[in-house]
1. Open to solvent by 90 Å² or more (accessible area, probe 1.4 Å) and outside any helix (DSSP H, G or I), is that true of E110?
2. Restricted to the stretch 31-88, and to residues that are within 43 Å of the chain's Cα centre (by Cα) and among the aromatic types (F, W, Y), which residue is modelled with the highest pLDDT?
3. Could you say whether any residue in the stretch 153-165 is closer than 17 Å to G181 by Cα and open to solvent by less than 50 Å² (accessible area, probe 1.4 Å)?
4. Within the stretch 147-164, which residues are touching a helix residue (DSSP H, G or I) at 6+ places or on another chain (Cβ under 9 Å) and modelled with pLDDT of 75 or more?
5. So is Q93 touching a residue at least 60 places away in the same chain (Cβ under 8 Å), farther than 30 Å from R155 by Cα and surrounded by 10 or more Cβ atoms within 10 Å (Cβ to Cβ) or not?
6. When both residues are 6+ apart or on different chains and their Cβ atoms are under 9 Å apart, which pairs have a first residue that lies in the stretch 63-77 and is without any contact (Cβ under 8 Å) to a residue 40 or more places away in the chain, and a second that is open to solvent by less than 50 Å² (accessible area, probe 1.4 Å) and not in a helix (DSSP H, G or I)?
7. Can you pull out the residues in the stretch 22-50 that are free of Cβ contacts under 8 Å to residues at least 24 places away in the same chain, open to solvent by 70 Å² or more (accessible area, probe 1.4 Å) and aliphatic (A, V, I, L, M)?
Amino acid sequence: MRVFGRQAESAAAFHRHNQELFEAGSRAQFVSGLIQPALMFVANLGYVVVAVAGGLRVASGALTIGEVQAFVQYARTFSGPLSNVGSLSGLVQAGIASSERVAELLAVPEEAPDPLHPVRPAARGHVAFHDVSFRHASGPPVIEHLSLEVRPGQRAAVVGPTGAGKTTLVNLLMRFHEVTGAASPSTAST
């Protein structure tokens with residue numbers, strides 16, 4: 001991201017995705033929180049309907065108190081599983097979301113295996129460092145008076161112990177760091 005100067009764009013994309021996730025999570029939390037009370041309301045409304053209708057039927061002599069009590073018990077027995085489904089709705093939603101992510105992952109096409117004899121692109125660059133020095137802002141010198149030349153088609157390996165500056169050299173080539181001292185202004189060329 002640093003090489004191509006995309007830090008701001010990547011941060012903006014992250015914040016956009018983060019905001020979308022927050023809004024989707026808030027909606028899901030609201031719906032999950034609404035399901036259980038709605039089912040309880042329907043169950044209690046059914047209880048009230050059974051109790052009022054049963055009371056009117058008992059008053060007219062069409063039903064006995066025991067029959068009304070049996071209807072109330074059946075209404076409670078019927079609403080119990082609905083209440084359980086409501087309490088499990090969050091888990092059901094999470095399972096559906098997970099299955100969508102798994103299906104999305106399974107739909108990605110497989111990468112082709114690496115060829116046995118890869119075709120290497122022709123080398124195009126000429127790299128030359130002449131008397132290059134580098135140090136981090138407030139630290140000791142990392143590289144001092146390095147001269148290096150690699151011609152097109154030539155292979156070079158930098159070998160050394162930890163802290164010798166191998167990664168720093170690559171970072172200088174990739175322009176992650178700028179040279180702090182050199183023999184001439186056109187020290188490194190590619």
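1. Yes, satisfied.
2. Step by step, filter the stretch 31-88, then rank; the result is F41.
3. Yes, that holds for at least one residue.
4. If the condition is that a residue be touching a helix residue (DSSP H, G or I) at 6+ places or on another chain (Cβ under 9 Å) and modelled with pLDDT of 75 or more, then L148, V159, G160 are the ones that fit.
5. Considered against the rule, which asks whether it is touching a residue at least 60 places away in the same chain (Cβ under 8 Å), farther than 30 Å from R155 by Cα and surrounded by 10 or more Cβ atoms within 10 Å (Cβ to Cβ), Q93 comes out as yes.
6. Short answer, once both residue conditions are applied: F71/L63.
7. Once the filter is applied, which keeps residues that are free of Cβ contacts under 8 Å to residues at least 24 places away in the same chain, open to solvent by 70 Å² or more (accessible area, probe 1.4 Å) and aliphatic (A, V, I, L, M), the stretch 22-50 yields L34, L45, V48, V49.
Residue-by-condition table, conditions (1) within 25 Å of G181 (Cα to Cα); (2) within 38 Å of the chain's Cα centre (by Cα); (3) among the acidic types (D, E):
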residue: L91; (1), (2), (3): no, yes, no
residue: A94; (1), (2), (3): no, yes, no
residue: D114; (1), (2), (3): no, yes, yes
residue: R124; (1), (2), (3): no, no, no
residue: H145; (1), (2), (3): yes, no, no
residue: R151; (1), (2), (3): yes, no, no
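The values are calculated or read from the model by the stated rules, or taken from the named source; none is laboratory data. Not measured: the values here are computed from a predicted model. Note that we place each Cβ from the backbone using ideal geometry, even for glycine, and neighbour counts take in every protein chain shown. Just so you know, the surface numbers come from the protein's heavy atoms only, side chains and all, with ligands and any DNA or RNA stripped out. Shrake-Rupley method; radii C 1.70, N 1.55, O 1.52, S 1.80 Å.
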